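Down below is the structure, laid out as structure tokens.
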Amino acid sequence: MNATDIPERPGLSPALDGTEFARWYWTKNELVAFARQQGIRTGGGKAELAGRLTAFLDGTPIPAPVVRKRAGKQLAPPLS
């Protein structure tokens, strides 16, 4: 395989399907910018965002946001 055999990465666009989208590496900044253009929530990690974009591009329902519970401070009983 030589350099002429390597396909060029397409631009992020609604014309992509989820399989082609997943085939390429995208920075989080690229994903956030594309999600904003499409009106898709941009919060969460890169994998979460990529999952929402894959669903959008495939025309399937976008997954609900993952709700993480934060560990609260647990007070120790008074020491004697």
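The values are calculated or read from the model by the stated rules, or taken from the named source; none is laboratory data. Keep in mind that this is a model prediction, so the values were computed, not measured. Cβ coordinates were reconstructed from backbone atoms using ideal geometry, including for glycine residues, and neighbour counts include every protein chain displayed. Please note that ligands, DNA and RNA were not included when accessible areas were found on the heavy atoms of the full protein model with its side chains. Shrake-Rupley method; radii C 1.70, N 1.55, O 1.52, S 1.80 Å.
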Rounding to the nearest 20 debye, state how big the charge dipole of the chain is about its Cα centre with +1 on each Lys and Arg Cβ and -1 on each Asp and Glu Cβ. 740
Checking the a/c ratio against 1.5 first, then a/b against b/c, what shape does the Cα gyration tensor give for the chain? prolate
Relative contact order [Cα under 8 Å, 6+ residues apart], the chain, whole percent: 26
In what order, largest first, do 4, 60 sit by accessible area if the probe radius is 1.4 Å? 4, 60
Using +1 at the C-beta of Lys and Arg and -1 at the C-beta of Asp and Glu, which of 35, 13, 25 has the Cα lying farthest in the positive direction of the dipole of the chain? 35
Give the calculated FRET efficiency between residue 64 and residue 42 to the nearest 0.05, with a Förster radius of 22 Å applied to their Cβ-Cβ distance. 0.90
